[in-house]
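K.L.:
A single structure is presented below for examination.
The values are calculated or read from the model by the stated rules, or taken from the named source; none is laboratory data. Note that the structure is a prediction, hence the values are computed from the model and not measured. Neighbour counts are summed over all protein chains in view; Cβ atoms, including those assigned to glycine, are modelled from backbone coordinates with ideal geometry.
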Amino acid sequence: MISFCQRKPILVLSIVFMLTVLVRLPNLNRPLSKHHEFNAALILIPMDIWKESSAKAYDFSPVMTYWNPHDKEINNITVEGIEKEGDYYYLSFPSMTYILPYVCFQLFGVAPSPIALQVFNMLIHFICILLIYLIIKNISVRILGNGNYHISAIIGSIIFAFSPTPLWFMGNGYTHHTLVVVFILWAILSSVKLLYENKERLLMNTFQLLVALFFAGMTAWISFILMFILTVFALLKKQKTKAIYALIVVPVISGLASILLTYLQYSKVVGSDTFIEYMQGRFSVRSSANKENITFFHLVFGTFKWYVLGYLPALLLLIYEFLKLNYFKNLLSKSVKLFLLLGLFFVFSHHFLLSEFTIAHNYSVLIDGVIISLFLGLIYQQLESEGRLTTKRLTFILPVLFLSIGQYYFINRPGIFGQNGERYDYMKAIGHSIKTNSVPSDLIFTLNLKEKPNPQVIYYAKRNFHQLNNMSEVEEILSKKNNVSAKVFIIKDNKVDSIVSLKSN
């Protein structure tokens, strides 16, 4: 088995990926519901709208207002003022998260849908699995000068493949922090090759790093922390080679280009001053700058909670091997020590800068899973290079994988009902009721729809609606309209209990 893994690593990783698909199969293509499937709906809504007209008509920006006459000027998702001609936009992160899957769907003639997005997302997961393997391989060969890396690199990839957080968020839970992982890994691999590969490959590695960082910058703000780290690292190097100069210049160019393009794109939609003010407000919220009740303790506890939910079996294995081997002390290469320390600084500086975001979203630790996997891979690389990576030791990893899969199923339970006892399809059922019991000229209201905002219901309804709590609010809005028909969908126990038809004077 070990010999086969050494000879056919890509085939082995392909089989590993197919096994992750089998694990996720019970949850694939089910109705959008809990556990941050809010984000999948948020991505699908603009693609829905673009499909009906074109992405160019909306400046390739994430519009959240459907095309029906009375959907305009209804703000279901974003903050007030982020609109153009009655169409609201969600501009919290750059647009690559929306554009890349949309372009792929267009190329293959596939309509945007939850299952299409899940397939795209799982392919991203597969690329990440391969990139983790290649990073460990290149560290082993180029930094450590050791060709015994095959099994350890595969182990690092497998740990990431089966950990609960990547399994979910690179399956059902697509978001910008999912997509950015592939670009960050590509950038890390390109950086290692740039510094340690032969000079003949300098131009190609520089170009790859430029593209990877640009795409990363067009996907999620966390990328700019990586760009900062790479530039500072290169500036602090005493001996300045062409590769070091490239590592100084490329992140700056990629960062400025992605910031400028995002600014030009989004300011064209809502105006320069509005967009800058909006981003300042979002940073204030996500950094907890305006929330005095969020302390450092809350951040530590919140991050620890996501680590336990997302990587507990892998973490226990890492701690065990780390302490047993006294790994950091025995690791001879200062370059690898520095690489791992920079990785830790990268993830924790992100959590510190955007503490509210980390506390509120367990996909905020997706990048952390990469560092955990690389740590484990490099530990086993040391064992492999010393001839101590025996079959008996490898079997110890199996319980970790089974526990990870069990944890994934405990959190994301297959079947009709979620962990909280609610049906997975209740948002889809409400949305379909709105869609089938209204016409495009109706003004839509929902009463007692408990989750605000609720892009899952909006996506299935293909409508924007006023989400209110009492009939007096309905009457107040209708009093400002002339000769408008309206439908009020009254929700009870997560179902449409009744529908009231109204008309303004």
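K.L.:
Given the options A111, A153, name the one that is over 20 Å from the mean Cα position of the chain (by Cα) and surrounded by fewer than 18 Cβ atoms within 10 Å (Cβ to Cβ).
P.N.:
A111
K.L.:
Still on this model: Confirm whether I434 is in a helix (DSSP H, G or I), under 15 Å from N76 (Cβ atoms) and either at pLDDT below 95 or hydroxyl-bearing (S, T, Y) (or both).
P.N.:
No.
K.L.:
While we're on this one: Can you pull out every residue in the stretch 410-424 that is in a loop (DSSP other than H, G, I, E, B), surrounded by fewer than 18 Cβ atoms within 10 Å (Cβ to Cβ) and not hydrophobic (A, V, I, L, M, F, W, C)?
P.N.:
Within the stretch 410-424, R413, P414, G415, G418, Q419, N420, G421, E422 meet the criteria.
K.L.:
Taking the conditions exactly as written (within 23 Å of V182 (Cα to Cα) and either buried (at least 21 other Cβ atoms within 10 Å of the Cβ) or without any contact (Cβ under 8 Å) to a residue 12 or more places away in the chain (or both)), does L260 satisfy them or not?
P.N.:
yes
K.L.:
State all residues of the stretch 239-272 that are over 24 Å from the mean Cα position of the chain (by Cα), within 23 Å of E200 (Cα to Cα) and not hydrophobic (A, V, I, L, M, F, W, C); if no residue qualifies, say none.
P.N.:
Listed by number, the residues that qualify are Q239, K240, T241, K242, Y245.
K.L.:
Oh, and also: Hey, does the stretch 184-198 have a residue that's farther than 21 Å from F233 by Cβ, in a helix (DSSP H, G or I) and touching a residue at least 40 places away in the same chain (Cβ under 8 Å)?
P.N.:
no
K.L.:
Now, a different point. Does Y278 satisfy the criteria of being at pLDDT 95 or above, in the same structural domain as M227 (by TED's automatic domain parsing) and over 30 Å from M204 (Cα atoms)?
P.N.:
no
K.L.:
Kindly provide the set of residues from the stretch 29-81 that are of a type in the set (V, I, T) and either assigned by TED's automatic domain parsing to the domain that holds G271 or touching a residue at least 40 places away in the same chain (Cβ under 8 Å) (or both), ordered by number.
P.N.:
Scanning the stretch 29-81 gives I43, I45, T65, I74, I77, V79.
K.L.:
Considering I188, I155, I151, which residue is out of contact with any Lys or Arg (no Cβ under 9 Å at 6 or more places or on another chain), at pLDDT 95 or above, in the same structural domain as F396 (by TED's automatic domain parsing) and not hydroxyl-bearing (S, T, Y)?
P.N.:
Exactly one of I188, I155, I151 is out of contact with any Lys or Arg (no Cβ under 9 Å at 6 or more places or on another chain), at pLDDT 95 or above, in the same structural domain as F396 (by TED's automatic domain parsing) and not hydroxyl-bearing (S, T, Y), namely I188.
K.L.:
Give me the pairs, please: first residue somewhere in the stretch 133-157 and farther than 15 Å from Y196 by Cα, second residue anywhere and part of a helix (DSSP H, G or I) and of a type in the set (S, T, N, Q), beta-carbon distance under 6 Å, and either six or more positions apart or on two chains.
P.N.:
Note: pairs meeting the criteria are Y133/S157; N148/S385; Y149/S140; Y149/Q381; H150/Q6; S152/Q381; G156/S373.
K.L.:
Moving on to the next point. Looking at L91, is it crowded, with 18+ Cβ neighbours inside 10 Å, under 30 Å from K334 (Cα atoms), out of contact with any strand residue (DSSP E or B) (no Cβ under 8 Å at 6 or more places or on another chain) and in contact (Cβ under 8 Å) with a residue 40 or more places away in the chain?
P.N.:
no
K.L.:
With the checklist (1) buried (at least 24 other Cβ atoms within 10 Å of the Cβ); (2) of a type in the set (A, V, I, L, M); (3) closer than 30 Å to S33 by Cα in hand, flag the one item I139 doesn't pass.
P.N.:
(3)
K.L.:
Then there is this: Just for helices (runs of 4 or more DSSP H) wholly inside the stretch 1-83: which have at least 3 residues that are loosely packed, with under 15 Cβ neighbours inside 10 Å and modelled with pLDDT of 95 or more?
P.N.:
Of the helices (runs of 4 or more DSSP H) lying wholly inside the stretch 1-83, those with at least 3 residues that are loosely packed, with under 15 Cβ neighbours inside 10 Å and modelled with pLDDT of 95 or more span 9-24.
K.L.:
Moving on. List pairs: first in the stretch 356-367 and in the same structural domain as L315 (by TED's automatic domain parsing), second assigned to a helix (DSSP H, G or I) and small (G, A, S), Cβ under 7 Å, 6+ apart or cross-chain?
P.N.:
Correct list of pairs: F357/S364; T358/G302; T358/S364; I359/G302; N362/G310; V365/G310.
K.L.:
Residues to consider are L247, L226, L230; find the one that is part of a helix (DSSP H, G or I) and closer than 23 Å to M279 by Cα.
P.N.:
Only one candidate qualifies: L226.
K.L.:
Another question, if that's okay. Kindly indicate which of P440, P399 is surrounded by fewer than 17 Cβ atoms within 10 Å (Cβ to Cβ), assigned by TED's automatic domain parsing to the domain that holds L312 and in contact (Cβ under 8 Å) with a residue 12 or more places away in the chain.
P.N.:
Exactly one of P440, P399 is surrounded by fewer than 17 Cβ atoms within 10 Å (Cβ to Cβ), assigned by TED's automatic domain parsing to the domain that holds L312 and in contact (Cβ under 8 Å) with a residue 12 or more places away in the chain, namely P399.
K.L.:
So which of I405, I371, I379 ends up being more than 23 Å from L134 (Cα to Cα) and either of a type in the set (D, E) or in a helix (DSSP H, G or I) (or both)?
P.N.:
When all the criteria are applied, what remains is I405.
K.L.:
For E277, work out the one condition from (1) outside any loop (DSSP other than H, G, I, E, B); (2) of a type outside the set (G, A, S); (3) more than 30 Å from E85 (Cβ to Cβ) it doesn't fulfil.
P.N.:
Unmet condition: (3).
K.L.:
Also, I was wondering about something else. Within the stretch 486-502, can one find any residue that is in contact with a Lys or Arg (Cβ under 9 Å, 6 or more places away or on another chain), surrounded by fewer than 15 Cβ atoms within 10 Å (Cβ to Cβ), not in a strand (DSSP E or B) and not aromatic (F, W, Y)?
P.N.:
no
K.L.:
In addition: Would you be able to say whether some residue in the stretch 381-400 is modelled with pLDDT of 95 or more and hydroxyl-bearing (S, T, Y)?
P.N.:
No; the residues of the stretch 381-400 include none that is modelled with pLDDT of 95 or more and hydroxyl-bearing (S, T, Y).
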